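A quick write-up on the structure given underneath.
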């Protein structure tokens with residue numbers, strides 16, 4: 001069998017296992033941590049997972065795939081789900097960075113502009129979008145952020161802060177990012193910078209307490225008003241920020 005066919009088959013199997021994991025574990029057990037844990041339900045789900053993995057992905061032992069993401073056994077999955085998500089993903093979480101001052105212009109001056117205009121401090125509201133090329137949810141969020149940048153031009157500056165080493169230390173590649181943004185310019189229609197020195201990562205992202213990307217940080221007059229993912233919470237925070245700024249004018 002040609003190597004490309006084998007690679008495509010492996011990718012399809014990995015995708016099928018990921019989807020099954022979300023369907024059988026991530027969604028049903030997302031609120032069943034701590035005292036809400038159901039041991040019997042979990043092991044029933046394991047048997048369902050193994051059956052569907054064989055039927056839909058042709059894999060008799062799905063742990064072969066799951067080991068690649070750190071799950072060596074079904075007990076590992078159990079312990080992870082029972083422990084529950086990090087605090088930042090739980091209802092009611094608020095970042096310690098809220099209401100704190102962040103000198104956006106100073107932070108961005110330490111980054112290299114790759115596409116779009118450099119932030120000069122004109123816009124009162126700034127949305128910092130911490131992202132990486134390998135992050136699928138980051139790519140899905142880009143078109144909506146582009147619409148926000150265009151709809152509120154002059155009032156809201158959306159700045160993508162790219163760092164491929166958001167969770168580990170490795171070299172940044174400006175040319176690769178330029179090529180990627182050129183290929184995806186329809187989605188990324190807002191300013192993007194590369195955090196080559198990891199300054200934005202260290203001074204903002206790692207202080208905000210949010211443990212995933214995309215991570216949006218909304219800053220109004222250099223005061224943080226929102227930290228988290230795209231979605232209803234972000235949209236509400238942005239709307240409130242726009243209203244507050246309008247009242248000051």
Residue within the range 154-176 that is within 14 Å of residue 230 (Cβ to Cβ), surrounded by fewer than 18 Cβ atoms within 10 Å (Cβ to Cβ) and touching a helix residue (DSSP H, G or I) at 6+ places or on another chain (Cβ under 7 Å) present: no
Of the criteria (1) under 19 Å from residue 137 (Cα atoms); (2) touching a strand residue (DSSP E or B) at 6+ places or on another chain (Cβ under 6 Å); (3) crowded, with 22+ Cβ neighbours inside 10 Å, which one residue 181 fails: (3)
Those residues of the range 110-147 which are outside any strand (DSSP E or B), more than 16 Å from the chain's Cα centre (by Cα) and either without any contact (Cβ under 8 Å) to a residue 60 or more places away in the chain or surrounded by 17 or more Cβ atoms within 10 Å (Cβ to Cβ) (or both), in sequence order: 111, 116, 119, 120, 121, 122, 123, 124, 146, 147
Residue under evaluation residue 244, criteria (1) within 24 Å of residue 116 (Cα to Cα); (2) surrounded by fewer than 17 Cβ atoms within 10 Å (Cβ to Cβ); (3) in contact with a strand residue (DSSP E or B) (Cβ under 9 Å, 6 or more places away or on another chain), criterion not met: (1)
Within the range 149-175, considering residues that are part of a loop (DSSP other than H, G, I, E, B) and under 16 Å from the mean Cα position of the chain (by Cα), the one nearest to residue 117 (Cα to Cα): 163
Residue count for the range 46-81, restricted to those that are surrounded by 14 or more Cβ atoms within 10 Å (Cβ to Cβ) and under 23 Å from the mean Cα position of the chain (by Cα): 6
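Would you check if residue 217 is modelled with pLDDT of 95 or more, under 15 Å from the mean Cα position of the chain (by Cα) and under 26 Å from residue 90 (Cα atoms)? Explain how you work it out, then say what you get.
Working: modelled with pLDDT of 95 or more: yes; under 15 Å from the mean Cα position of the chain (by Cα): yes; under 26 Å from residue 90 (Cα atoms): yes.
Yes, satisfied.
The values are calculated or read from the model by the stated rules, or taken from the named source; none is laboratory data. In this text the structure is predicted, and so the values were computed from the model without any measurement. No Cβ is skipped: glycine too gets one built from the backbone with ideal geometry, and neighbour counts run over all protein chains shown.
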